[in-house]
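This report refers to the structure that appears directly beneath it.
The values are calculated or read from the model by the stated rules, or taken from the named source; none is laboratory data. Remember, it's a predicted structure, so these values are computed and weren't measured experimentally. Using ideal geometry, Cβ is built from the backbone for each residue, glycine included, and neighbour counts are taken over all protein chains shown.
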Amino acid sequence: MAPKRIRARAVSDDPEDLARVPLQAVLLADSFTTRFRPITLERPKVLLPLVNLPMIEYTLAWLESAGVEEVFVFCCAHAKQVMSYLENSQWKSLPKFSVTTIESHNSISAGDALRLIYERNVIHGDFVLISGDTLSNMSLTRALQEHKERKKKDSNAIMTMVVQRSKPSPITQQSRLGTDGLFMAIDPTTKQLLYYEENTNHSKGTLSIDKMLLVDNTSITLHNDIQDCYIDICSLEVLSLFTDNFDYQHLRRHFVKGLLIDDIMGYKIFTHEIHSSYAARVDNYRGYDTISKDIIQRWTYPLVPDVLSLGNSATKLERQGMYRSSEIGQSRSAQIGPHTVIGTGTTIGSNTKITNSVVGKGCTIGSNAVIEGSYVWDNVIIEDECELRHAIVCDGVVMKSRSVLKPGVVLSFKVVIGQNFVVPPYSKVSLLKQPTKQDSDEELEYADNNSDTLDSATGTMDKLNGDPLLEFSEMEHHVSSELGYGGVGYIWSLCEGSHEEEWRHSVAPIPAEKLAEITQVIEDDLELVSQDSNAPASSGELKPDTQINAEDDAVYFEKEVEATFLRAVNENVEVDHVILEVNSLRLSYNMQAADCAGAIFHSMMKLALDAPHSMQNELLRNVHNTVNAWQKLLKSYLPGKDEEIEVILKFEEICLESVKELSPLFTQILHLLYDKDIITEEAIEDWESEKKDADEADRVFVKQAEIFLQWLREAPEEDDEEDGE
Amino acid sequence: MPDVQTLVNELLFKLKKRKIEGSHATARQTAILLRLVISQQRIPYTHQAAALIDAVKAVGEQLVAANPVELAVGNIVRRVLHIIREEDLSLSTVAMVGLNVSAVSDDEGDTDQDDHPVLSAAAVAAASRNTLRPPSLQTLLEDLPDSAAVPHTSSSGDDSEGKSKSADKSSRSRRLKHDVIEAVNELIEDISTSHEQIAEQAVEHIHQNEVILTLGSSRTVLEFLCAAKEKKRSFRVFVAEGAPRYQGHLLAKELVARGLQTTLIADSAVFAMISRVNMVIVGAHAVMANGGVIAPVGLNMVALAAQRHAVPFVVLAGSHKLCPLYPHNPEVLLNELRSPSELLDFGEFSDCMDFGSGMGSPLLHVVNPTFDYVPPKLVSLFITDTGGHNPSYVYRLIADYYSTDDLVLQRKPAPVN
């Protein structure tokens, strides 16, 4: 392989600009997670069968059909198994499609893998980064073209992420693939990714975004209904970035978020949304279940069993989405329901019911068994009257008669379940003991150490009928009856104390009680929130406990009006416009006309006061001028007596509290207002009568205005006299 | 040989991945590949035709298995087989004239038993089977060449007369190959020009001021309509959009670009519009031996509507679409179910397919078949590159193009392997 690679590089290096560089892809044949344990202890995740074909088969088929010409498969855990699989696969012999494996034993993350690939210097241009558990049928041409064009315009656009719309469940807040809710902020015009957050905290329900994001971008859309397909089109810079930032481990958590938050060199990530095609990654058991069903429902066409079926084991699609291979031994009374896949050489006994399940090659299923929503891999023996509901059963498992698998059970390779034994829900059973300490480094080593012995074990899978029995006899002494009489294997305890996680990510549908429970919790939360937040919203005057808020509002309102007024004065805004503005403020703060009048009067007095003055006389003149200039504005808020009284009261308040300077001028200003017809006689009289019963302190201004009031009372007579004349 | 194998693999892969769209392209590529197979095939001194047939069959079988839905592959394989048989027959009849007939008949038995006892037994079995068959014009015609072909290929391997005729033999083997390749070239030519051949007949069928209805998009239909337009016929075309792939939109675009008065309608409006239509002209995926048509989905509905209003339902089909099989064969009735994403947006409906809650079984099923079967009684006329034909006449066309042996033999090797 090596010389070929060098040659390829030599060719593409020189005419790099002009010649067409073959499209390359990096396929990570290791997910660097432990979600699929215990199965992945014995076989790499990419070789696990998904509807009877190893996952990597789908990924490679897609890469090939999408026009990728060179694929570098990065093998880490169980590297030998992956390599030997590829060596014997059809992919090695295809023209115009080269598959090169890169083996590493000390990489513990995607970051390490990419650093190693950079060291090898095999990638020469844009490449597709994908992991071996992703399947898709999208066409890359559009996305690639977009990526290239962006790159041409802006050399910082180094990555295009493929995303797809998919609504998360409102109850569990997880996507249909079992991944946690994902929040993304995307610029709707440029499709630039601005924010990426895998919401690991379900209960929080809140999300904080850097406010600079809103400042820097004119428009921004926030999505929680988008699913990351884990297909990235990357430029070469991505690899060097990983090398420069040696602490980057995880593709999303470190790299993407690092770029977005730290803003390294202004590098940008863009998104490409696919609509009519399919792309998804098997992240956990729930994703495995969902994607299997999508395949059976043909969303992944043409990556569907009847098209992909390898060589001799032609699978045919029958009515109701039932796929059956040739050479099946099926009893006449067996019922195979819809959306079921049965592999070659499988025999099914009488009265057995299989629905919504996938059964692999060479299985032997006894009579009166029930298999529902389960994934039975190759060469499994299920004896009479067994019951499997929503379980995963790996290669070579033997289920003795009348044993039962409860929902969510995972049986790893060659486990034997004893007669009449009921495996409790969500348990994971393996021949290997559960590793005691779960450290990511340690675990990979562990996997590696085991891989050799296990390779040989899986190699002899063919003569399986004898095999489990042999092991069974060997292990009989060691294993007591953890799995019933004659059972072989260890039930793993549910680690990390997260029983909650188990139902979230298992193949079994979430039980109804759990859903009800969560709904209840959500409703409670909502009630709590509504109690908190509803109060200020309905800031009714009627509610005594919201008085404070109402007062706050009044203060804010006053300030706003003052600001508006001052601006109007400074910018010579027309009175009509000011009225409009104040009206809109009034509506938004839910205020009365009287409040407006008060506020405007207040601002007018402030204005007069702010104007330079040394003497009381000058101040009075200022007030005079201001009132002259803005009387129209003030009058528009004084439709009746009540509002006028309010103004007087406000005036009192001003004189008493904020602007003591005005208090000596109270009477004069009141007179002025009267002269200008801003305040009518009746209003003043009412004000006086209102104040009659008040305290002495409140009556200061009434007393001060005594003379004026006196004059007022006489005035009508004068008027009459004048009229008389 | 190795490069042939890689080319075969390449086509196999393309067929498997559904990368070749349409029976026209498939037929062409299959024919080109088979030509290559024939030209690369080493021909032994004896049983030249049989060797070629075996080689073509071996490749053909793989090709058919790669995409059983695309019937054109099988059609072309059978056509090529037929060509080989025909050429061999014509050569041997030419040779027969020059040979002493009595000598041949004497030697025949010995050589057969010496060299290939198994094969001769098979030949005898085949012959006896032929005699057991009810006497039809087909078998009577086919019997003759078979019995004539066997003695001659075997006689050429005879040692006693070998030396004198060896030169003649090698030239003959070269000639057979040459003739076959020549004929396959003709076939390829036929396939590529089938559109024009059909389009030439357009003026005979489309008349002034007529309204033509079609569904979906077919290149044959497009060329047909355009040919009529070029001949100064003025007519209108109704195009049903052909959900869910909406290829009718493309067709409408093309037609407008060529200056045809076009009306685009929804598939569901076909019945409402059919009373204004003078003729329905559609393309086909395959034409079966009984005159039934495998056509893009929705056409059965159009055919029924046409029948209801007595509108002629005309099917355009190149001869490569004539399939010698009958639609009651379950293998032929295979329909291609395509991705549901052509019907609905995955994102919009993703919450309907959340298997996490509920019973864990999907409540929403989306079925998206590609083909419809239109029974022969609904078809008024077939227009092929050789002219217009009645559905009841299709079997005769097929007899012209295919040997009956190949129909049966197609499935025989499968159980043996």
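Having 1 or more residues that are more than 14 Å from chain A (Cβ to nearest Cβ), surrounded by 22 or more Cβ atoms within 10 Å (Cβ to Cβ) and touching a residue at least 12 places away in the same chain (Cβ under 8 Å) is the bar; report the strands (runs of 3 or more DSSP E) wholly within the range B:236-346 that clear it.
Those strands (runs of 3 or more DSSP E) span B:236-240, B:279-283, B:293-296, B:313-316.
Residue by residue, here is whether (1) closer than 24 Å to residue B:285 by Cα; (2) within 21 Å of the chain's Cα centre (by Cα); (3) not basic (Lys, Arg) holds:
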| residue | (1), (2), (3) |
| --- | --- |
| B:8 | yes, yes, yes |
| B:12 | yes, yes, yes |
| B:15 | yes, yes, yes |
| B:26 | yes, yes, yes |
| B:44 | no, no, yes |
| B:57 | yes, yes, no |
| B:77 | yes, yes, yes |
| B:80 | yes, yes, yes |
| B:88 | no, no, yes |
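Scan the range A:321-331 and tell me whether some residue there is among the charged types (D, E, K, R) and within 10 Å of chain B (Cβ to nearest Cβ).
no
Please tell me if residue A:317 is within 12 Å of chain B (Cβ to nearest Cβ) and either aromatic (Phe, Trp, Tyr) or assigned to a loop (DSSP other than H, G, I, E, B) (or both).
Answer is no for this residue.
Can you tell me how many residues within the range B:193-218 are surrounded by fewer than 17 Cβ atoms within 10 Å (Cβ to Cβ) and either closer than 22 Å to residue B:302 by Cα or aromatic (Phe, Trp, Tyr) (or both)?
3
Just to verify a result, which residue in the range A:329-339, among those that are without any contact (Cβ under 8 Å) to a residue 40 or more places away in the chain and buried (at least 16 other Cβ atoms within 10 Å of the Cβ), is farthest from residue B:66 (Cα to Cα)?
Residue satisfying both the conditions and the ranking: A:334.
Can residue A:111 be described as in a loop (DSSP other than H, G, I, E, B) and in contact (Cβ under 8 Å) with a residue 24 or more places away in the chain?
No.
Name the one entry in B:181, B:188 that is under 21 Å from residue B:403 (Cβ atoms), at pLDDT 60 or above and buried (at least 18 other Cβ atoms within 10 Å of the Cβ).
Every option except B:188 fails the conditions.
State whether the residues of the range A:560-577 include one that is within 17 Å of residue A:652 (Cα to Cα) and surrounded by 15 or more Cβ atoms within 10 Å (Cβ to Cβ).
no
Residues that are aliphatic (A, V, I, L, M): which strands (runs of 3 or more DSSP E) entirely in the range A:361-439 hold 2 or more of them?
Of the strands (runs of 3 or more DSSP E) lying wholly inside the range A:361-439, those with at least 2 residues that are aliphatic (A, V, I, L, M) span A:370-372.
For the range A:340-357, name all the residues that are in contact (Cβ under 8 Å) with a residue 60 or more places away in the chain and on the phi < 0 side of the Ramachandran plot.
A:341, A:343
What do you reckon, is residue A:219 away from every other protein chain (no Cβ under 14 Å), of a type in the set (S, T, N, Q) and either touching a Lys or Arg at 6+ places or on another chain (Cβ under 6 Å) or within 28 Å of residue A:24 (Cα to Cα) (or both)?
Spelling it out, it is not the case that residue A:219 is away from every other protein chain (no Cβ under 14 Å), of a type in the set (S, T, N, Q) and either touching a Lys or Arg at 6+ places or on another chain (Cβ under 6 Å) or within 28 Å of residue A:24 (Cα to Cα) (or both).
Does at least one position in the range A:266-281 carry a residue that is modelled with pLDDT of 80 or more, surrounded by 18 or more Cβ atoms within 10 Å (Cβ to Cβ), within 14 Å of chain B (Cβ to nearest Cβ) and not in a strand (DSSP E or B)?
Yes: one or more hits.
Take the range A:154-193 and flag every residue that is assigned to a strand (DSSP E or B) and of a type outside the set (A, V, I, L, M).
Within the range A:154-193, A:160, A:164, A:165, A:174, A:180, A:183, A:192 qualify.
If you scan the range A:165-185, which residues turn out to be within 14 Å of chain B (Cβ to nearest Cβ) and of a type in the set (A, V, I, L, M)?
Within the range A:165-185, A:171, A:177, A:182, A:184 qualify.
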